[in-house]
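Below: one structure, written as structure tokens.
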Amino acid sequence: MDLNIEGKVAIVTGAGSGIGACVARTLAREGASVAVVEVDAAKAQAVVAELQAAGHRALAVAVDVTDPQSVQAMAAQVIERLGGIHILVNNAGFTRDMHLVKMSEQAWDSVVDVIMKGAFLCTRAVMPWMIENQGGRVINISSRAHLGNPGQANYSAAKAGLLGFTRALALEEGRYNITVNAVAPGIIDTEAVRSLPHFEKLRAAAEKTTPIPRIGDTSDVADAVAFLASARASYITGEVLHVTGGRY
Ligand SMILES: NC(=O)c1ccc[n+]([C@@H]2O[C@H](COP(=O)([O-])OP(=O)(O)OC[C@H]3O[C@@H](n4cnc5c(N)ncnc54)[C@H](O)[C@@H]3O)[C@@H](O)[C@H]2O)c1
């Protein structure tokens, strides 16, 4: 199936590692120019060096997605250097898990900010170009945790909030030929997940309880994102695509 992504420009936030890096590689392989937007400059550079070595067009932009001025400047830089913004993947995010009683305001604010405010700021920054050019794709990386996970009140709230954001924007921007969808992964094999103290327990539980009896690979998520970013998904908007191996 030809995804027709060739020549498009994509921004992927948090693309210095894990799912975001895999999304960047996948979109680049499909012919997109990719802006690797990442708070960690060294990680962004490493991914861009790899993409460029493979013959792809890529740009590293070191940005904290929660900082409004930097995000605006990032969007302007991508338009100037890569020629536009057809695809935005709001992927930057992290967990700060703990029981609610012990949860600091910092743990709440930092998680809600990076996931929700980050997606808001990045989407707001790219939307004028997409509207002017009558088209675009926004894909928000939520999580199966939007259904609620113990120890993740902050993260679950933020990932559920991202779905409301997705649906509201889908209604608002459809008239400009802009689709807005979410992908909700289950447990995906990334460094962030492997570094959890209970990773092996998690993996064993997933293998037992997931209809497709394994944890997910980053490419499972990246392929779903590439489809939603493609011309093949032009009549799909406001949806949540679960990439969980069937686990709910
Ligand atoms: N791995 C999983 O099992 C899983 C499951 C469901 C959802 N997700 C979501 O997928 C996304 C990626 O997760 P991952 O496992 O690849 O994590 P990861 O830690 O490997 O990647 C996240 C990247 O985001 C960057 N980042 C963090 N804060 C940022 C900020 N303020 N501005 C810009 N970049 C920032 C980090 O430096 C990192 O490179 C996250 O939103 C996560 O919540 C992951």
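The values are calculated or read from the model by the stated rules, or taken from the named source; none is laboratory data. The structure displayed is predicted, hence computed values, not measured ones. Note that each Cβ is placed from the backbone with ideal geometry, even for glycine, and that neighbours are counted across all protein chains shown. Note: areas computed on protein heavy atoms with side chains; ligands, DNA, RNA excluded. Shrake-Rupley method; radii C 1.70, N 1.55, O 1.52, S 1.80 Å.
The residues Glu80, Glu38, Glu30, Glu200, sorted by heavy-atom accessible surface at 1.4 Å with ligands and nucleic acids left out, run Glu80, Glu200, Glu30, Glu38 from largest to smallest.
How large is the charge dipole for the chain, taken about the Cα centre, if only the Cβ atoms of Lys, Arg (+1) and Asp, Glu (-1) carry charge, to the nearest 20 debye? Walk me through the numbers before you get to the answer.
Details: 22 positive and 24 negative charges, 89 e Å.
Value, rounded to 20: 420 debye.
Relative to the compact-globule estimate of 2.2 N^0.38 Å, the Cα radius of gyration of the chain comes out at 0.95. The phi torsions of the stretch 181-190, fed into the Karplus equation with coefficients 6.51, -1.76 and 1.60 and a -60° offset, translate into couplings of 9, 10, 10, 10, x, x, 6, 10, 6, 10 Hz, rounded to whole numbers, with Gly and Pro shown as x. For the chain, the membrane-span-like helices by this rule, meaning whole DSSP H stretches whose C-alpha atoms cover at least 20 Å of axis and whose Kyte-Doolittle mean is -1.0 or above, are 68-82, 118-132, 153-173; this says nothing about an actual membrane.
Taken over the stretch 102-248, the percentage of Cα pairs per 10 Å bin, counting from 0 up to the bin with the maximum distance, is 11, 37, 34, 15, 3.
Would you list Lys102, Lys117 from the most to the least accessible area, probe 1.4 Å?
Order by accessible area, largest first: Lys102, Lys117.
Per residue, the accessible area of the chain comes to 46 Å², computed with a 1.4 Å probe over protein heavy atoms only.
Rolling a 1.4 Å probe over the protein heavy atoms of the stretch 1-148, with every protein chain left in place, gives an accessible area that is 50 percent carbon and sulfur.
In the complete set of protein chains, residue-level accessible area for Tyr155 is approximately 40 Å², probe 1.4 angstrom.
Taking amide H atoms as placed 1.01 Å from N in the peptide plane, list the residues 5 or more away in sequence, or in a different chain, whose amide H sits under 5 Å from that of Glu239. Correct list: Ala182.
Given Ser143, Phe165, Val48, which one lies farthest toward the positive end of the charge dipole of the stretch 9-240, if we put +1 on the Cβ of every Lys and Arg and -1 on the Cβ of every Asp and Glu? With unit charges placed on the Cβ atoms, the residue in question is Ser143. Got a sec? Which residues in the stretch 42-59 would a label at Glu80 touch, if it sits 7 Å along Cα→Cβ and we count backbone N under 18 Å? In the stretch 42-59, the label zone of Glu80 (backbone N under 18 Å from the point 7 Å along Cα→Cβ) covers 58-59. Estimated at the nearest 10 Å², the accessible area of Lys8 is 80 Å² with a 1.4 Å probe.
Each principal axis of the Cα cloud of the stretch 1-104 was taken in turn, and the coordinate range along them, longest first, works out to 49, 32, 25 Å.
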